[in-house]
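The values are calculated or read from the model by the stated rules, or taken from the named source; none is laboratory data. Not measured: the values here are computed from a predicted model. Reconstructed Cβ throughout: ideal geometry from the backbone, glycine too, with neighbour counts over all protein chains shown. Accessible surface is based on the protein model in full, side chains and every heavy atom, while ligands, DNA and RNA are left aside. Shrake-Rupley method; radii C 1.70, N 1.55, O 1.52, S 1.80 Å.
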Amino acid sequence: TMKITETRIVLAVQNLSASVAYYRDVLGLEIEFDSPGWCFLSRDAFSVMLGECPDTPPASAIGDHSYVAYFVVDDAQALFQEFAARAVSLIKSITDEPWGMREFGICTPDGHRMMFGQSLD
């Protein structure tokens, strides 16, 4: 049976150098590859491919469709504290939810919204 072995998200960004700095310096990702108009970064099992699209409306212009990913982590509180110390724009503070997840949400400078959660089981 065929398996999906890896997931990468592809995001259009307005200013590649500014976005790369954010993902590297604020979210703690490392650059894997870059070329004109593209940069691939990762941290643990989180991989993102950033493509520069300066003439495309930013994610912030598309409302709820700007949610791009939900990451399951092993320590949501520690990651929340790490991101908060770097002044990440939070859209949701860390909360224990009735669906069994401790989660929080962030918004990137381009308006991409991401959720991070830890199972409470």
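Below, the figures for the structure above:
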{"read-out": "Loop GluC sites (Glu not before Pro), region 24-80, which have at most 16 other Cβ atoms in a 10 Å radius of their Cβ (DSSP)", "value": "none"}
{"read-out": "Ratio Rg/Rh, restricted to region 66-113 and using Cα atoms, in which Rh is the Kirkwood radius", "value": "0.95"}
{"read-out": "Amide H contacts under 5 Å for Ala69, placed H, 5+ residues apart", "value": "Met115"}
{"read-out": "Rounded, prolate or oblate (a/c below 1.5 giving rounded, otherwise prolate when a/b exceeds b/c) for region 1-70 by Cα gyration tensor", "value": "oblate"}
{"read-out": "Per-peptide average of other Cβ atoms within 10 Å, ordering 72-79, 106-113 highest first", "value": "106-113, 72-79"}
{"read-out": "0 to 90° range, to nearest 10: angle between helix 76-85 axis and the chain longest Cα axis", "value": "50 degrees"}
{"read-out": "Dipole-positive endmost among Ile62, Pro98, Gln118 within the chain (Cβ charges, Cα centre)", "value": "Ile62"}
{"read-out": "Loop chymotrypsin sites (Phe, Trp or Tyr not before Pro), region 45-100, which have at most 16 other Cβ atoms in a 10 Å radius of their Cβ (DSSP)", "value": "Trp99"}
{"read-out": "Value of [θ]222 nm, deg cm²/dmol, for the chain, DSSP H segments ≥ 4, -39500 (n - 2.57) each, nearest 500", "value": "-3500 deg cm²/dmol"}
{"read-out": "Average accessible surface area per residue within the chain, 1.4 Å rolling probe, Å²", "value": "58 Å²"}
{"read-out": "Nonlocal amide H pairs with Ser89, under 5 Å, H built at 1.01 Å", "value": "Cys107"}
{"read-out": "For region 103-109, Karplus couplings with θ = phi - 60° (6.51, -1.76, 1.60), whole Hz, Gly/Pro x", "value": "9, 8, x, 10, 10, 7, x"}
{"read-out": "Separation between Cα centres of region 64-121 and region 1-26, rounded to whole Å", "value": "16 Å"}
